[in-house]
1. Tell me which helices (runs of 4 or more DSSP H) are completely within the stretch 74-187 and hold 3 or more residues being crowded, with 16+ Cβ neighbours inside 10 Å, touching a residue at least 12 places away in the same chain (Cβ under 8 Å) and of a type in the set (Gly, Ala, Ser), or say none if there are none.
2. Take the residues of the stretch 1-31 that are free of Cβ contacts under 8 Å to residues at least 24 places away in the same chain and outside any helix (DSSP H, G or I): which is surrounded by the most Cβ atoms within 10 Å (Cβ to Cβ)?
Amino acid sequence: MNQLIVIALGGAFGAVMRFLVSTGIYQWLGRGFPYGTLTVNLIGSFLMGLLAEALISQRITIALDYRAAILIGFMGAFTTFSTFSLDTFYLLEQGQLNKAALNVAISVGSCLFSVWLGLLFARALTHLPTDIIPYNILIINLIGALLIGVIIALLLEKNILPVEERALLFVLIIGAYTLFSSLYAIFMLIERDFNFEVELPIALSLFAANTLLCTGLIALGLWSGKQIMFLFSPENA
């Protein structure tokens with residue numbers, strides 16, 4: 001039952017994020033092509049490859065529900081094959097055969113490439129030393145933080161939300177990410193016979209370092225996202 005609850009929570013958050021990201025993309029690039037669906041599937045495919053290798057291969061018993069919430073709940077709801085299929089059907093129905101074929105080719109090809117890229121990157125990180133500090137998980141956390149910063153930049157600029165709701169969304173996303181990414185790194189220490197009570201300063205230092213680094217990468221992602229939107233804005237084309 002606990003696993004069903006965490007999957008439901010992860011799925012709820014993933015569905016909301018998919019709506020916000022795809023809506024922001026459509027407001028940015030228009031609806032002449034399924035840019036929103038393609039974007040969430042590309043991001044989701046890369047993260048699925050990256051996190052599947054990082055979370056499943058690590059075999060951390062204490063974090064089974066944690067993995068289910070992310071991989072099954074959040075990632076399953078964030079990506080969408082059904083919307084891709086519907087978008088393609090609408091293009092066919094409208095007689096836009098070239099766009100329909102392009103959507104199928106780009107979506108399938110690029111999503112497969114994104115999964116492969118995520119798996120390749122995660123497997124390369126397994127060679128890093130993890131005796132004391134789980135550097136591979138920390139690097140994956142930082143990659144996620146950078147992507148979150150880019151996504152938040154899009155949400156803040158292009159989604160028509162009241163200022164209060166945008167501020168709440170901003171705080172919740174950053175707070176939840178830094179908290180749970182730090183917890184997973186600590187779970188890895190505990191799984192390796194780490195004496196939590198005796199070596200508490202190491203755990204606290206890891207928690208603080210992950211929080212600070214992820215916050216910094218989110219800030220970099222915010223800046224990068226604004227630059228990307230400016231460069232590829234239809235007004236500047």
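The values are calculated or read from the model by the stated rules, or taken from the named source; none is laboratory data. Predicted model only: the values in this text are computed from it and were never measured. Cβ: placed from backbone, ideal geometry, glycine included. Neighbour counts: every protein chain shown.
1. Counting at least 3 such residues, we get 97-125, 135-158.
2. Arg31
Rundown of residues vs (1) in the same structural domain as Ala219 (by TED's automatic domain parsing); (2) under 17 Å from the mean Cα position of the chain (by Cα); (3) not charged (D, E, K, R), yes/no style:
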residue	(1), (2), (3)
Asp87	no, no, no
Gln96	no, no, yes
Ile106	no, no, yes
Gly109	no, no, yes
Ser114	no, yes, yes
Leu117	no, yes, yes
Asn141	yes, yes, yes
Gly144	yes, yes, yes
Gly149	yes, yes, yes
